[in-house]
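What follows is a set of notes on a single structure, which appears directly below.
The values are calculated or read from the model by the stated rules, or taken from the named source; none is laboratory data. Just so it is clear, the model here is predicted, and its values are computed rather than measured. Cβ placement follows ideal geometry from the backbone for every residue including glycine, while neighbour counts extend to all protein chains displayed. We work out accessible area using only protein heavy atoms, side chains counted, and drop any ligands, DNA or RNA first. Shrake-Rupley method; radii C 1.70, N 1.55, O 1.52, S 1.80 Å.
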Amino acid sequence: MGDSNQSVTSDFTLMGLLSHSGPHLVLFSLVAVIFTMGLLGNAILLFLIHTDSRLHTPMYFLLSQLSLLDVGFLLVTIPKMAANFLQGEGSISFGGCAAQMFFLMLMGVSEGVLLSLMSYDRYVAVCHPLHYPVLMRRQVCLLVVGTSWLSGVLVASIQTSITLHFPYCASHTVDHFFCELPALLKLSCADTSAYELSLSISGVLILLLPLSLITTSYSHVLRAVLCMHSAETRHKAFTTCSSHITVVGLFYGAAMFMYMVPGTYHSPQQDNVVSLFYSLVTPTLNPLIYSLRNREVQMALVKVLGRAGFMSKR
């Protein structure tokens, strides 16, 4: 019993994503550049939404929460990976591993719920524009955001506590570049098959329920857009909705592979690539998708740059 308890509180070792060979040094530099772009992109988007009164709408309020979650994804995973690479070792404390797993799950579930509720916002805006100020009033927006964050906290608390309850008396080497639930379960010396089955079932529910709301919302939106007579109105509706659909596709594609596909069909290499995608690439792309395809965000950025003196005033 003493040996078992000692093993539970021992540190873990992360295998890491990169070695110190030439090609991996180039890849590390690329990861650092993308990480910096992701932080700057989301920070700029948050700043614009906060400072520009034209962006003080329910859609942009929800988008600001998405940017906060994306910043969290970047900060929880990449700095630790970079520190391990630069130090040449991959140790992480038991508490650090638990925190990393908890916050990743919190942000993942919260973002999934938030994206589904953002689709409801687009549904109301396109299908019921006259009722939009009432249906998406401030209290509703706060309820939406609170629901997404509380869902993440609840699921992350339950899953993390159950996962860390298992004894880890065998190898403590995590074949991953951060502590993620599927990778950690492989190290347990207890039988986790029943829990892994329940995890897959809950993963299906957690992912498919929001995805069904997104599908339902956009089926109504598509029907409404096709019935519009104004080409300009159709274009504006398609632009705002297609940005959200793109983000949904990026997020749910990676999440469905990690948590709906049984672990026996995974390989460490596949998990590393998919995890790098949703923890680095997707959070970096999200603000670019919304800013590059959204005229209101572009105008807000031009206004800020003009005030800062980077653009000539007319």
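Computed values, structure above
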quantity: Computed E for His50/Ser193 - FRET, C-beta separation, R0 51 angstrom, nearest 0.05; calculated: 0.60
quantity: Of Met299, Gly253, Ser91, farthest towards positive along the dipole that unit charges on Lys, Arg, Asp, Glu beta carbons give the chain; calculated: Met299
quantity: Positive-end residue of Cys241, Asn42, Ala82, charge dipole of the chain with Cβ unit charges; calculated: Cys241
quantity: Solvent-accessible area per residue for the chain (1.4 angstrom probe, square angstrom); calculated: 50 Å²
quantity: The stretch 11-308, accessible surface, carbon-and-sulfur percent (1.4 angstrom probe); calculated: 72 percent
quantity: Rounded to 10°, Cα long-axis angle of helix 282-292 versus longest principal axis of the chain; calculated: 10 degrees
quantity: 0 to 90° range, to nearest 10: angle between helix 58-87 axis and the chain longest Cα axis; calculated: 30 degrees
quantity: Efficiency of FRET between Ile162 and Thr13 - r from beta-carbon atoms, R0 25 angstrom, step 0.05; calculated: 0.65
quantity: Given charges at Cβ of Lys, Arg, Asp, Glu: the chain dipole, positive-most of Leu66, Ser53, His229; calculated: His229
quantity: The chain, dipole about Cα centre (Lys/Arg Cβ +1, Asp/Glu Cβ -1), debye to the nearest 20; calculated: 1700 debye
quantity: Radius of gyration and Dmax over the Cα atoms of the stretch 11-308, both given in Å; calculated: 20.5, 66
quantity: Fully extended contour minus Cα-Cα distance, from Leu142 to His235, at 0.36 nm per residue; calculated: 30.6 nm
